[in-house]
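These notes concern the structure reproduced below.
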């Protein structure tokens, strides 16, 4: 198990667009494993994107605790969006804050898994929110940029 440091708001790296993964090799597999360890064991998050651990690659990992379990996305592309929903979001890179954010109610995403196999997934509710949130990290966007009416809440620790 290897934990990585979380890059936090204010670091310019979080505002950069991530590069695609050209080849899935041992370094990419190690990155996926480290990201999951960091998400689960250090921070108890439900999603983490590579820029949050200082790597500008189009990769994220999600586990919302449902039947899908841990999902790994390499070079994801959201191919369909439908409807609207509002969720209160937080982020490992924006500690101590939450905000209501409007996201699509339903999405379809395609990506590669760790074996380089393409897959497609339809998502709704929390899974759709989480995928969109992590996808935004790959574009250099934070959820606080999309806070409804610009309202960001401080969370008591």
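FYI, it's all coordinate maths here, none of it is from the lab. All values reported here derive from a predicted model rather than from experimental measurement. Glycine also receives a Cβ, built like all others from the backbone with ideal geometry; neighbour counts cover every protein chain displayed.
Observations on the structure shown:
- FRET efficiency for the pair residue 85 and residue 27, taken as 1/(1 + (r/R0)^6) with r the Cβ-Cβ distance and R0 = 41 Å, rounds to 0.70.
- Residue-averaged 222 nm ellipticity for the chain, from DSSP H runs of 4+ at -39500 (n - 2.57), nearest 500: -5000 deg cm²/dmol
- Compared with the direct C-alpha span, the chain from residue 16 to residue 3 gains 2.4 nm at full extension, assuming 0.36 nm per residue.
- Relative contact order of the stretch 12-154, pairs being alpha-carbon contacts under 8 Å that are 6 or more residues apart, as %: 26 percent
- The Cα atoms of the chain define a convex hull whose projected area, averaged across directions, is 8.9 nm².
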